[in-house]
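To start, the structure under review is shown below, and the notes come after it.
Each reported figure results from applying straightforward, stated rules to the coordinates on display, with no laboratory input. None of these values were measured; they are calculated from a predicted model. Note that we place each Cβ from the backbone using ideal geometry, even for glycine, and neighbour counts take in every protein chain shown.
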């Protein structure tokens, strides 16, 4: 069935996948396109970081023929919040609280990319070299 | 709202980055930006990503970031006070003279701190120490990131036209992160325009009792 993956801050990504309860099996191409994760000899890797698949539990993560990867199992292993709406076929994968806390403790301001009114994209990193007063507001 | 400050300080390698936490996107935030015509960047954050990254629970909240991208003051209330709770007529939105004075004091003290930091950088007492930044920034709990998951999934369903399906996710986000006024008011507003500032809002504010809506900032 068609499933939309919302992976952290990445844009919604539609895939053909087989949800099975709390598990979500993806082709390796979809895994890479939707999330950035790739399977390598050292484990599963994204943005220069590799996570070894826990020994003895490979079958929870990987299926051989046809090759499929269980994104939900990886997210649970990394303590990410996972939520799925089965009626609409939407899966959300957030960032682990532990990772968010470690990021804040590093004192480096986490980067983001957002549009302005005209749709031009700005990232925090664009303003490196200036003192930045980052301030929120809302119309509500 | 920050134009005067920006005009005053922009030649000192200072920038205001305003982020509208607004799932209504341009349709909601746009008219305010067009009316104010700020010359600093005003970004639109429909998914409240910045609130998630910086553990912001209300607006206006701010973070100070130095030239190297390091946080020198973590998320805190940006110059707002609780005067509106007791000093404002809830029908006419008129604020008493005492309320206006309180608001001015809070805002002026905050702006003066910003001016000091802009002039002195790391030497400013308002750029707090690394340990103090860490002490003040607790970061999210497991419930908080799960609240964010509910908000994000609900917000996606809502923008796809599945309003009814979105509502249970919104109410779960509010339950999991009761301290987040932005989740509460944003999701109320999506449920029913005007609800974010209506009777539900005022009962929630009144239910705070002695607790702050805008916790006072230690400058």
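In terms of other Cβ atoms within 10 Å, B:162, B:144, B:150 run from fewest to most in the order B:162, B:144, B:150. Under the simplified labelling scheme, the residue B:208-residue B:10 pair shows an inter-label distance of 3.3 nm, with each label point 7 Å from Cα along Cα→Cβ. For the pair residue A:40 and residue B:120, a Förster radius of 51 Å applied to the C-beta separation gives a FRET efficiency near 0.60, rounded to the nearest 0.05.
Within chain A, DSSP assigns beta bridges of which about 85% are antiparallel (rounded to the nearest 5).
Comparing mean-square fluctuations of A:102, A:60, A:118 from a GNM of chain A with C-alpha springs under 10 Å, the top value falls on A:118. Rounded to the nearest 10 degrees, the angle from helix B:163-176 to the longest Cα principal axis of chain B is 50 degrees.
Note on residue A:10 and residue B:100: their simple-model spin labels are 5.4 nm apart, each label 7 Å out from Cα toward Cβ. In this rough spin-label picture, where each label sits 7 Å from Cα along the Cβ direction, the residue A:64-residue A:117 distance is 6.1 nm. Residues A:127, B:158, arranged from fewest to most other Cβ atoms within 10 angstrom of their Cβ, appear as A:127, B:158. The ranking of B:44, B:71 from fewest to most other beta carbons within 10 Å of each one's beta carbon is B:44, B:71.
Quick one: angle between helix B:181-191 and the longest Cα principal axis of chain B, in degrees between 0 and 90, rounded to 10, please. Helix B:181-191 sits roughly 40 degrees off the main axis of chain B. Calculate the length of the line joining the C-alpha centroid of the range A:95-140 to that of the range B:152-173, in whole Å. The distance from the Cα centre of the range A:95-140 to that of the range B:152-173 comes to 24 Å. For chain B, find the longest principal axis of its Cα atoms and tell me its angle to the long axis of helix B:142-159, 0 to 90°, nearest 10. Helix B:142-159 sits at roughly 60 degrees to that axis. Here residue B:167 and residue B:39 are evaluated by their C-beta separation; at R0 = 22 Å the FRET efficiency comes out at 0.05.
At what distance in angstrom do the alpha carbon centres of the range A:10-45 and the range B:198-218 lie from each other? About 43 Å separates the Cα centre of the range A:10-45 from the one of the range B:198-218.
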